[in-house]
Amino acid sequence: MTTLFAKIVRGEIPADIVYQDDSVTAFRDINPVAPTHILIVPNKVIPTVNDLTAADEQVAGHMLVVAAKIAAEEGIAEDGYRLIINCNEYGGQVVFHLHMHLVGGRPLGQMVLRPR
Ligand code: AMP
């Protein structure tokens, strides 16, 4: 299975990659919602959080560690930031290759809008 993000991981389509190692890749979101908006993805295709298995614990944890490292490098660690993983339709997932959004650089407000 391939995905848009798998092509970015393999360098087949361009992206502003800020970090890459054997298991994860991080690149700037093409349509940023804040001054820092970076996506952290496993190099292997895992479509959604629902598809994670015990065998993925290391890569899933590594995504968090890499997020913290990038936040420090971006200079947003102290002010704070938000990590978001959308899952399926209600979660607003559009690209079905697991990814963690690292968003910061401005106050982000309420986490989820309350229904009126
Ligand atoms: P999600 O709604 O969680 O699936 O988020 C998908 C994200 O991927 C969106 O924030 C898009 O702006 C971003 N995106 C889509 N295509 C690209 C691309 N080619 N390079 C970087 N980010 C992208």
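Return yes or no: is A34 within 25 Å of G105 (Cβ to Cβ), assigned to a loop (DSSP other than H, G, I, E, B) and within 12 Å of the ligand (Cβ to nearest atom)? It is true that A34 is within 25 Å of G105 (Cβ to Cβ), assigned to a loop (DSSP other than H, G, I, E, B) and within 12 Å of the ligand (Cβ to nearest atom). Scanning the stretch 33-57 for residues that are free of Cβ contacts under 8 Å to residues at least 40 places away in the same chain and surrounded by fewer than 14 Cβ atoms within 10 Å (Cβ to Cβ) gives N50, T53, A54, A55, E57. A count restricted to the stretch 70-99 and to residues that are assigned to a helix (DSSP H, G or I), touching a residue at least 40 places away in the same chain (Cβ under 8 Å) and more than 15 Å from R28 (Cα to Cα) stands at 1.
Every read-out reported here was derived from the displayed coordinates using simple, explicitly stated rules and does not represent laboratory data. Since we're looking at a predicted model, the values are computed, not measured. Cβ coordinates were reconstructed from backbone atoms using ideal geometry, including for glycine residues, and neighbour counts include every protein chain displayed.
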